[in-house]
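What follows is a single structure, written as structure tokens, with notes after it.
Coordinate-derived values only; no laboratory data. As the structure is a computational prediction, the values presented were derived from the model and not from experiment. Using ideal geometry, Cβ is built from the backbone for each residue, glycine included, and neighbour counts are taken over all protein chains shown.
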Amino acid sequence: MEKKLYTISVFTENQVGLLNRISIIFTRRGLNLESVSSSASSVHGIHKMNFTCTSDRETIEKVIKQIERCIDVLRAYFYTDDEIVYQEVALYKVPTQKLLDEKDFERIIRVHNARILELTREYTILEKTGHESETQALYELLAKYGILQFIRSGRICITKSPTEHFTHYLTEQELRRQQIEKN
Amino acid sequence: MSERITGSEAICRALVAEDVTTIFGYPGGQIMPFYDKLFDFSDRLNHILTRHEQGAVHAAQGYARASGKVGVVTVTSGPAATNIITGVADANVDCTPLVVITGQVAVNSLGTDAFQETDVMGITQPITKWAYQVRRPEEIPWAVARAFYIASTGRPGPVVLDITRDAQVGTLDWDYKKINYIRSYNPAPELLPGDVLAAASLLNRAESPMIIAGHGVMLSNAEEDLIALAEKADIPVASTLLGLSSIPSDHPLNKGMVGMHGNIGPNINTNRADVILAVGLRFDDRVTGVVKNYAPQAKIIHIDIDCAEFNKNVKAHTTIHADAGKALKALLPLVNKSKHTEWLATFDKPEEVERTEVMKRELEPDDIAPDGAMRMGEVVRKISEASGNKGILVTDVGQNQMMAARYFKYTLPKSVLTSGGLGTMGFCLPAAVGAKIACPGREVFAFMGDGGFQMTMQELGTMLAYNIGVKVIILNNDFLGNVRQWQAMFYNNRFSATPMINPDFVTIANAYGFPAERVATRAELPAAIERMMAHEGTYLLDVNIDPEDMVFPMVVPGAAVDDILINTTTKYEG
């Protein structure tokens, strides 16, 4: 089966320990999580976790069902790159003197659309937002100046789908609740 | 005005509110506030003090599976919490509803490696349906109500509540509401008419259909629905190990058990059937053999309450996501009354071969003199018959389990308690304790090997203390028999670490005050069984089993389910 990078979005209740419960579903199958991010979603009180993982579609489908089986997981979805708009943020700390000595520096900043967040005599902190390939390209250019520190965030994404499946799910559950209450 | 009570009292009241009458457990430091309050509830909550925490969980499993109620366990933190792990993992894979309460150190000691602190959440999350740490007393009513709802509904399973000392000793305003809705969890999915129609249409067009009944049939009390459907459409029924007793042994449509040591007929015909209706099973590898050669001709209809099981191991042609009973009830009116005489007749030949080549050797061995050691099958069958085939069978794991499952007979549902998915040695004796407490009116037979008995034989103490009458049968070959069988068949007779030097089991039973006897020869067996059956209460038989006895038929490991050995060298040909 063809392996590719999948982005998995999981909507959950705000409960302690859920990230662990979800991540062990991947580790049991020996799947390496390439990135993890978690934040509030557009719905009050509901969290959204994003994972990226390289695997085949069939395995990812099984993982999704096992994630959805967890109590307090509301819904899990998986996407290929063409179905989502996604970004990552990278921060680079480089020695200031080395940058000043380099005639190309201004061009690098401009071409890569990077931002300077902090500048001191000793170091400069740059920020770049983009796809992994883009933040990686900048990393490789800066590497020659000696990168003191580097970090890249997990992938965050928003779907291109015109339908908001998760909102529909919540509506369905609310109807189910009313039905149970009535009985 | 609501009442102000301690967290410990709230736990007791919540258990009463959830109709709990029996608790299995073991006290210790961090659960003492609860145990102190339990003293006041002893008229409503009957606490069974087992001799080991593992025994408490297995007893609760036996209780839950025999009664259909939630099994409740209370233990302390640290080593007690780690001792429950085997039973919790077993309950998780065998879908047994449990609520396990562990005590935990005070909140300000969490994470500090305090005395008897273990990371119960971290350890139990992978093996529970839900695990929650209660840090504040006010959370107790909600957490207990949620635990019972989650454990008992949908696909049942174990829930662990890790209750800190602070939550037990602190106070709260008592207000208890049962839970019947969780937004993220729908245990009663709506039946989709299209799925039912698709399944019925497949069954109606089938020429060689087969039903495989899994544990889900009994979990949803759908035994009668299963039989009604099978009879109406004239479809042979096979069971998984955990599905045994969902249809009586002597029902003409019952074709036995599928799987590694199942019957030849259903295993062979799995690969000949054109439609398989799989009800509440998860296509374990012990059932399917090598998956890519499993049921190649069959369109599989998979009924399960847990949609994560669909296409997990075996691809289904169509699925019904529902409780087994609900699905079978919906199917019944849509399925045509039918006859499959020719197809049913194809079970005759493998049955005949199994009877003459396999079962006869076990049941009426003519190659062993009356003064020789016995075969497991004959012992199991004679005891089953002595109970009028109405007993509850509890097995351990290994040859004793397979032989008991194969040769015990069932007339009543929920008559088999065995550790299927996890294969836990030591399960039998404590599970039998729980089963007997759940069903005091039924005779409980605990079949185990000499190895498994010694893993949890301390529970004889529980049986003594609470006067629990179980018929204990040790199928004793002085070997870890199942491993020995594999060593004999696949490892050149190199019996690495399988011979057992055993104590005198009769003396051990006697030390607990239980009558017991060593049955050395076949000639002694009938009278020994008679004495055991005549005795009210626990009785132990230490039965001398031929160490060469092996379980057959056997689906060749790593092969398809129709590749079957009927002895060490001969394959079934049909």
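Cross-link pairs exceeding 20 Å in C-alpha to C-alpha distance, out of B:LYS312/B:LYS409; A:LYS4/A:LYS62; B:LYS292/B:LYS329; B:LYS292/B:LYS312; A:LYS4/B:LYS292; B:LYS232/B:LYS339, comprise B:LYS312/B:LYS409; B:LYS292/B:LYS329; A:LYS4/B:LYS292. Ellipsoid semi-axes for the range A:97-183, based on the Cα gyration tensor and the rule √(5λ), read 49, 14, 10 Å when sorted largest first.
As a rough footprinting exposure proxy, the listed residues B:GLU443, B:GLU364 were ranked by other beta carbons within 10 Å of their own, and the order from fewest upward is B:GLU364, B:GLU443. Normalising the average separation of contacting C-alpha pairs (under 8 angstrom, six or more residues apart) by the number of residues puts the relative contact order of chain B at 14 percent. Legend: residue pairs B:LYS69/B:LYS382; A:LYS48/B:LYS315; B:LYS382/B:LYS414; B:LYS255/B:LYS390; B:LYS337/B:LYS360, Cα-Cα distance threshold 25 Å; pairs beyond threshold, B:LYS69/B:LYS382; A:LYS48/B:LYS315; B:LYS337/B:LYS360.
Assign unit charges at the C-beta atoms only (+1 for Lys and Arg, -1 for Asp and Glu), then state the dipole size of chain B relative to its Cα centre in Debye, rounded to the nearest 20.
Working: 50 positive and 65 negative charges, 211 e Å.
Using Cβ point charges on Lys, Arg, Asp and Glu, chain B gives about 1020 debye.
Simple point charges give the picture: +1 on the Cβ of Lys and Arg, -1 on the Cβ of Asp and Glu, and for the protein assembly as shown a dipole about the Cα centre of about 1280 debye. Counting neighbouring beta carbons within 10 Å and listing from fewest to most, the residues A:ARG115, B:ARG484, B:ARG494 come out as B:ARG494, A:ARG115, B:ARG484.
Cut-off 20 Å, label point 7 angstrom out along Cα-to-Cβ of A:ASP101: give me the residues of the range A:128-171 whose amide nitrogen falls inside. A:139-149, by backbone N distance to the label point.
Rounded to two decimals, the Cα-based Rg/Rh of the protein assembly as shown, with Kirkwood Rh, is 1.03.
Farthest toward the positive end of the dipole of chain B, out of B:ILE437, B:ALA497, B:PRO547, is the Cα of B:ILE437, where the dipole comes from beta carbon charges about the Cα centre. Across all directions, the average projected area of the convex hull around the alpha carbons of chain A is 13.8 nm². With only the Cα atoms considered, the range B:228-274 has a convex hull volume of 78 Å³ per residue. Summarised as an ellipsoid, the range B:193-348 has semi-axes of 19, 18, 16 Å, derived from the eigenvalues of the Cα gyration tensor scaled by 5 and square-rooted, with the largest first. Based on a Kirkwood Rh over C-alpha pairs, give the Stokes-Einstein translational diffusion coefficient of the range B:370-479 at 37 °C and viscosity 0.692 mPa s in µm²/s. Taking Rh from Cα pairs, D becomes 238 µm²/s.
With charges set only on the Cβ (+1 for Lys and Arg, -1 for Asp and Glu), what does the dipole of the range A:85-152 come to about its Cα centre, in debye to the nearest 20? Show your work: numbers first, answer last.
Values: 10 positive and 11 negative charges, 25 e Å.
The dipole of the range A:85-152 has a size of about 120 debye.
The largest-to-smallest principal axis extents of the Cα set in the range B:47-179 are 40, 33, 28 Å.
Just want the ordering: B:HIS52, B:HIS317, from fewest to most Cβ atoms lying within 10 Å of their own Cβ.
On the way: B:HIS52 20, B:HIS317 14.
Placing the least packed residue first, the sequence is B:HIS317, B:HIS52.
Compared with the direct C-alpha span, the chain from B:SER42 to B:TYR181 gains 46.9 nm at full extension, assuming 0.36 nm per residue.
Would you mind classifying the range B:54-110 by shape? Square roots of the alpha carbon gyration tensor eigenvalues, ordered a ≥ b ≥ c; an a/c under 1.5 is rounded, otherwise it is prolate if a/b is larger than b/c and oblate if not. Cα axes put the range B:54-110 in the prolate bin. Model label sites at A:ARG28 and B:SER2, defined 7 Å from Cα along the beta-carbon direction, differ in position by 3.6 nm. Take the Kirkwood radius over Cα pairs of chain B, plug it into Stokes-Einstein at 25 °C and 0.890 mPa s, and you get 100 µm²/s for translational diffusion.
Kirkwood hydrodynamic radius of the range B:428-574, from the reciprocal of the average inverse Cα-Cα distance over all distinct pairs: 17.0 Å. Shape class for the range B:497-574: prolate, because the ratio a/c of the largest to smallest gyration tensor axis (alpha-carbon atoms, square roots of eigenvalues) is 1.5 or more and a/b beats b/c. Taking the centroid of alpha carbons for each part, the range B:181-203 and the range B:396-453 are 33 Å apart.
Positive end of the dipole of chain A (Cβ unit charges, origin at the Cα centre): among A:LEU5, A:VAL111, A:PRO95, the Cα lying farthest that way belongs to A:LEU5.
So for the range A:3-83, averaging the separation of alpha carbon pairs under 8 Å that are six or more residues apart and normalising by length, what relative contact order in percent results? Could the numbers behind the result be given before it?
On the way: 139 pairs, mean separation 38.4, N = 81.
Answer for the range A:3-83 is 47 percent.
Over the range B:193-348, Cα pairs under 8 Å with separation of 6+ residues give a relative contact order of 31 percent.
Rounded, prolate or oblate: which fits the range B:268-367 when a ≥ b ≥ c are the square roots of the eigenvalues of the alpha-carbon gyration tensor, with rounded for a/c under 1.5 and prolate only if a/b beats b/c? Can you show the working numbers first?
Values: a/c = 2.16, a/b = 1.62, b/c = 1.34.
Prolate shape, in that a/c is at least 1.5 and a/b is the bigger ratio.
Positive-end ranking of B:LEU226, B:MET359, B:PHE115 along the dipole of chain B, with charges on Cβ about the Cα centre, is headed by B:LEU226.
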